[in-house]
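The block underneath contains the structure these notes are about, expressed in structure tokens.
The values are calculated or read from the model by the stated rules, or taken from the named source; none is laboratory data. Keep in mind it's a predicted model, so treat the numbers as computed, not measured. Please note: Cβ atoms are built from the backbone with ideal geometry, for glycine as well, and neighbour counts cover all protein chains shown. With ligands, DNA and RNA removed, areas are computed over all heavy atoms of the protein, side chains included. Shrake-Rupley method; radii C 1.70, N 1.55, O 1.52, S 1.80 Å.
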Amino acid sequence: MQDHSHIQGLALTTLAEKYGTPLYVYDTQKMAEKLGQLQKGFATLPLKIKYAAKALSNLSVLKWFCRQGIGLDVVSIQEVQLGLKAGFAPADILFTPNGVSFAEIQEAVALGVLINIDNISILEQFGHCYGASVPCCIRLNPHIVAGGNAKIQVGHIDSKFGISVLQLRHIQRVVQAHHIHVAGLHVHTGSDFLDAEVFLRGAEIVFEAARDFPDLQFIDFGSGFKVAYREGDVTTDIEALGTRMSQAFKAFCEEYGRGLEIWFEPGKFLVSEAGYLLVRANVIKTTPATAFVGVDSGLNHLIRPMMYDAYHEIINISNPKGALRVYNVVGYICETDTLGSDRKLAEVRESDVLVIKNAGAYGMSMASNYNSRFRPAEVLIYEGQDYLVRQRETMEDLLRNQIEIAF
């Protein structure tokens with residue numbers, strides 16, 4: 001049976017006592033395992049992995065990924081700057097913004113990173129400004145519906161992401177008019193897909209488009225691999241996907257006339273299962289209908305259950321052998337912030353520490369100061385040692401940028 005109470009030999013209850021709660025804890029061993037799984041699945045291809053920084057952008061986490069020899073996928077100029085500070089070479093960073101000003105594009109170009117363009121207007125401005133002197137990538141929208149929730153489906157016809165494959169002729173005219181050097185094509189359909197067919201359908205669309213771009217160096221297939229959120233959960237079969245994609249990619253490269261690199265941009269796949277949010281039970285409240293566990297966290301620290309209807313397994317590690325009871329685990333925010341409904345947990349007592357699993361991706365990176373609450377501390381577990389990689393916020397942090405006027 002899986003041990004939910006320790007990471008690399010360290011007791012989570014001890015970490016909760018040492019650093020306080022709420023607390024984010026990240027396991028580098030699990031990150032390495034997931035990274036190795038991808039590298040093994042596509043071992044027969046010239047593979048490049050770009051970690052999607054938006055999933056978890058703590059500087060120490062970025063530095064750890066940099067040490068693994070992979071690249072970085074970023075979506076803002078601030079993430080570009082974080083990536084450079086973490087040690088990534090500019091050439092290893094792909095900048096995929098959406099809806100940003102051209103000034104931000106220019107700033108990124110000046111820093112030496114590769115731009116992934118998903119808007120014809122920006123493509124025209126890019127061509128006018130740089131011509132053939134600066135390579136770029138083009139993000140296509142394949143019009144494929146895929147993803148576990150409508151809010152993470154980004155490849156359908158009504159999505160704001162990518163340039164429609166129906167506009168390929170327009171893209172080609174712009175590229176030819178400005179002699180733009182298109183080094184790569186990119187496609188991403190959505191998160192939490194299960195079936196390799198989704199990737200293969202997207203691949204065929206990109207392969208068809210690629211025939212009109214003779215100077216490509218790579219094709220980027222984004223990510224969206226499904227991770228396990230509960231015991232026995234169905235996940236993307238990376239081995240099967242790797243086999244089928246490898247066959248399709250090699251066949252395309254043979255037709256294209258030369259070999260290209262294949263890129264992926266995993267974020268959640270690499271860090272979701274590596275992250276744990278430790279919270280403490282403040283109160284046990286019973287009503288005629290429900291038993292609530294009120295904890296010292298909420299949607300201000302983990303918004304996914306409320307935003308995406310995401311399931312996160314919750315475990316009572318302070319009383320693991322207690323009698324099973326059914327609870328709604330809720331936060332301390334003045335808002336409906338249910339972290340888990342109708343959960344069968346070992347009996348929860350006030351001050352017990354609960355572990356919320358799969359909290360590595362889009363947990364701390366989407367955290368806020370709603371209700372003027374502090375954001376949690378973060379701890380990284382590396383080679384059996386715990387390292388504080390972000391201090392818990394204080395009142396000084398909340399007030400730092402406010403300017404008080406004298407009435």
Q) Which Cα, out of Ile317, Gly131, Phe161, lies furthest along the positive dipole direction of the chain (beta carbon charges, K/R +1, D/E -1)? A) Ile317
Q | Dipole of the stretch 1-85, positive direction: furthest Cα of Tyr51, Tyr26, Ile7, with charges on the beta-carbon | A | Tyr51
Q: Take every DSSP beta bridge with both residues inside the chain and express the antiparallel ones as a percent of the total, to the nearest 5.
A: 45
Q: Quote the relative contact order of the stretch 229-380 in percent (integer), defining contacts as alpha-carbon pairs under 8 Å separated by 6+ residues.
A: 28
Q.
Can you compute the modelled spin-label distance between Glu254 and Asn319, with each label point 7 Å from Cα toward Cβ, in nm?
A. 6.4
Q: Amide H neighbours of Val379 under 5 Å, at least 5 residues apart or on other chains, H built in the peptide plane: list them.
A: Tyr24, Val25, Tyr26, Val389
Q: Quantify, in whole percent, the carbon and sulfur part of the accessible surface of the stretch 223-278 (1.4 Å probe; protein heavy atoms only).
A: 46
Q: Mind checking the per residue accessible area of the chain for me, 1.4 Å probe, whole number of Å²?
A: 45
Q | the chain: relative contact order as a whole-number percent, Cα under 8 Å and 6+ apart | A | 20
Q | Cα gyration tensor shape for the stretch 344-407, rounded if a/c is under 1.5, else prolate or oblate | A | prolate
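Which of the GluC sites (Glu not before Pro) found in the stretch 176-283 are in a DSSP loop and have at most 15 neighbouring Cβ atoms, other than their own, within 10 Å?
For GluC sites (Glu not before Pro) across the stretch 176-283 that sit outside H, G, I, E and B with at most 15 neighbouring Cβ atoms in 10 Å, the list reads Glu231.
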Q.
Kirkwood Rh over alpha-carbon pairs of the stretch 1-102, then Stokes-Einstein at 37 °C and 0.692 mPa s: what D in µm² s⁻¹, rounded to an integer?
A. 210
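Determine the dipole magnitude for the chain: charges of +1 sit on the beta-carbon of Lys and Arg, -1 on that of Asp and Glu, nothing else is charged, the reference point is the Cα centre, and the result goes in debye to the nearest 20.
Here the size comes out at about 260 debye.
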Q: Could you list which residues have their amide H under 5 Å from that of Ile117, counting only those 5 or more apart in sequence or on another chain, with H placed in the peptide plane?
A: Cys137, Ile138, Arg139
Q. Put +1 on the Cβ of each Lys and Arg and -1 on the Cβ of each Asp and Glu in the chain; which of Val198, Gly363, Tyr332 then has its Cα farthest toward the positive end of the dipole?
A. Tyr332
Q | Cross-link pairs beyond the 23 Å C-alpha cut-off, checked among Lys34/Lys321; Lys321/Lys357; Lys34/Lys344; Lys268/Lys357; Lys321/Lys344; Lys160/Lys357 | A | Lys34/Lys321; Lys34/Lys344; Lys160/Lys357
**Q.** Calculated [θ] (222 nm, deg cm²/dmol) that DSSP helices of n ≥ 4 give over the chain, each run adding -39,500 (n - 2.57)
**A.** -8500 deg cm²/dmol
Q: Consider a paramagnetic label point 7 Å from the Cα of Ser133 along Cα→Cβ; state which residues of the stretch 81-110 have an amide N under 16 Å from it.
A: 106-110
(Q) Using Stokes-Einstein with the Kirkwood hydrodynamic radius over Cα pairs, what translational diffusion coefficient do you get for the chain at 37 °C and a viscosity of 0.692 mPa s, in µm²/s rounded to a whole number? (A) 145
Q. Any idea how far apart Asp233 and Gln68 come out in nm if each label point goes 7 Å out from Cα toward Cβ?
A. 1.8
Q) What ³J(HN,Hα) values, in whole Hz, does the Karplus curve 6.51 cos²θ - 1.76 cosθ + 1.60 give for the stretch 327-332 when θ = phi - 60°, with x put for Gly and Pro? A) 9, 9, 8, 10, x, 9
Q) Got the relative contact order for the stretch 1-140 handy, in percent, Cα pairs under 8 Å and 6 or more residues apart? A) 14
Q: Can you pull a Stokes-Einstein diffusion coefficient for the stretch 289-379 at 37 °C (0.692 mPa s), Rh from Kirkwood over Cα pairs, as a whole number of µm²/s?
A: 243
Q: Highest first, please rank the peptides 247-253, 322-328, 19-25 by the mean number of other Cβ atoms sitting within 10 Å of their residues.
A: 19-25, 247-253, 322-328
Q | For the stretch 357-369, 3J(HN,Hα) per residue [Karplus equation, 6.51 cos²θ - 1.76 cosθ + 1.60, θ = phi - 60°, Hz, x = Gly/Pro] | A | 8, 6, 9, x, 9, 6, x, 4, 5, 10, 5, 9, 9
Q) Once you put a point 7 Å from the Cα of Gln106 and another 7 Å from the Cα of Gln37, both along the Cβ direction, what distance in nm separates them? A) 4.4
Q: Return the FRET efficiency for the residue pair Gln217, Glu335: r is the Cβ-Cβ distance, R0 is 41 Å, and the value is rounded to the nearest 0.05.
A: 0.30
Q: Could you list which residues have their amide H under 5 Å from that of Leu10, counting only those 5 or more apart in sequence or on another chain, with H placed in the peptide plane?
A: none
**Q.** Of Ser297, Ser341, Ser272, the one that fluctuates the most in a GNM where the chain has Cα springs shorter than 10 Å
**A.** Ser341
